[in-house]
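Colleague: The structure's right below; bear with me while I get my questions together.
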Amino acid sequence: MVLTLTLDDAHRALLLLGTLKEFECRETSIIREVLVVVPDSQAFALGVLESSNVCPEISIICESLLFDGILRASWNKYAVQMAIKLLVASHVVTNFYITLDADVIVVGRLLAEQLLPRGKAMFVAEPRSVHPHWWLGSSMILGLDTRSFENSTFGVTPAVLSTFGAQAATASLNDRFKEVDWQHVWLE
């Protein structure tokens, strides 16, 4: 599991972690660890989560670790959050991971057969009309015609991602922009 978190949302995250403890502290749990990605300046304060001895195990990751040690104030905050959810795959030790925001709670057992139908990652499809600017921005960055993949959809958090798929996507972006600063192209 991956949770992006700031101090402003810590109180919500406590609800999420409480519900995880309630439903997933079992030997049969599919959740091995919660990776909590935090702004560098808040890592010390949020580090208390790591030492809280809750189940499942919690590990704090500073955002800058995912961005070659550099974060710029000029970067689009939403784009940074989306990039984190892909880049964190390099720290995931399972074949799949669930992305979370602090306002998510668990209402029952998390079962592999529900989260990974036919062994594949899943998400709740959202039509292009909901966030057309996301599609336009993605098309521009990837050099695609805005009419490409007209029947495509995407999902928002929570989503189950393939660790390999996320790593392949980021590697493809790195390769596509190897002659320039990929972070500048992707995040500004």
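Colleague: Could you pull out every residue, at least 5 positions away or on a different chain, whose amide H is within less than 5 Å of the one on I60? Hs are placed 1.01 Å off N in the peptide plane, and Pro or chain starts have none.
Modeller: Those lying under 5 Å, H to H, from I60 are V36.
Colleague: Can you compute the charge dipole magnitude of segment 62-181 about its Cα centre, using +1 on each Lys and Arg Cβ and -1 on each Asp and Glu Cβ, nothing else charged? Give it in debye, rounded to the nearest 20.
Modeller: That gives a dipole near 200 debye.
Colleague: On to the next question. Round to a whole number: what % of the accessible area of segment 92-159 belongs to carbon and sulfur, probe 1.4 Å?
Modeller: Its accessible area is 61 percent carbon and sulfur atoms.
Colleague: Looking at segment 13-67, I'd like the Rg to Rh ratio, where Rg is from alpha-carbon atoms and Rh is Kirkwood's inverse mean 1/r.
Modeller: 1.01
Colleague: Can you spot the aspartates and glutamates whose alpha carbon is less than 19 Å from K178's alpha carbon? Ignore those fewer than 8 places along the same chain.
Modeller: K178 reaches D68, E188.
Colleague: Any chance you could run the full-extension gain for A79 through S152? It's 0.36 nm times the residue separation minus the Cα-Cα distance, nm to one decimal.
Modeller: The span from A79 to S152 would gain 24.3 nm if fully extended.
Colleague: With no solvent and one point per C-alpha, what does the Debye sum give as log10 I(q)/I(0) for segment 105-188 at q = 0.15 Å⁻¹?
Modeller: -0.74
Colleague: For the chain, compute Rh as the Kirkwood radius over C-alpha pairs and then the Stokes-Einstein diffusion coefficient at 20 °C and 1.002 mPa s; write the answer in µm²/s, rounded to an integer.
Modeller: The estimated diffusion coefficient comes to 121 µm²/s.
Colleague: Provide the FRET efficiency to the nearest 0.05 for the Q114-E179 pair, computing r from the beta carbons and using R0 = 45 Å.
Modeller: E(calc), rounded to 0.05, equals 0.55.
Colleague: Taking amide hydrogens as modeled 1.01 Å from N in the peptide plane, which residues meet the under 5 Å criterion relative to F96, leaving out close sequence neighbours?
Modeller: Answer set, sorted by chain and number: T163.
Colleague: Oh, and also: Fully extended, how many nm does the chain gain between S129 and S29 (0.36 nm per residue separation, minus their Cα-Cα distance)?
Modeller: 32.3 nm
Colleague: Per residue, what accessible area does segment 4-134 have, given a 1.4 Å probe and all protein chains present, in Å²?
Modeller: 58 Å²
Colleague: Going 7 Å from the Cα of S162 along its beta-carbon direction, which residues of segment 80-124 have the amide nitrogen within less than 13 Å of the resulting point?
Modeller: Those under the cut-off are 95-97, 117-123.
Colleague: Over the chain, with a Gaussian network built from C-alpha contacts below 10 Å, which listed residue (T170, T94, T153) shows the highest mean-square fluctuation?
Modeller: Per the Cα network of the chain with a 10 Å cutoff, T153 tops the list.
Colleague: While we're on this one: Per residue of the chain, what 222 nm ellipticity follows from adding -39500 (n - 2.57) for every DSSP H run with n ≥ 4, rounded to the nearest 500?
Modeller: The helix contribution divided over the chain gives -10000 deg cm²/dmol.
Colleague: Can you pull the percent of segment 1-89's accessible area that's carbon plus sulfur, 1.4 Å probe, other chains left in place?
Modeller: Using a 1.4 Å probe with all protein chains present, segment 1-89 comes out at 56 percent carbon and sulfur.
The values are calculated or read from the model by the stated rules, or taken from the named source; none is laboratory data. Not measured: the values here are computed from a predicted model. In this analysis, Cβ positions are derived from the backbone assuming ideal geometry, glycine residues included, and neighbour counts consider all displayed protein chains. Only protein heavy atoms, including side chains, enter the accessible area calculation; ligands, DNA and RNA are left aside. Shrake-Rupley method; radii C 1.70, N 1.55, O 1.52, S 1.80 Å.
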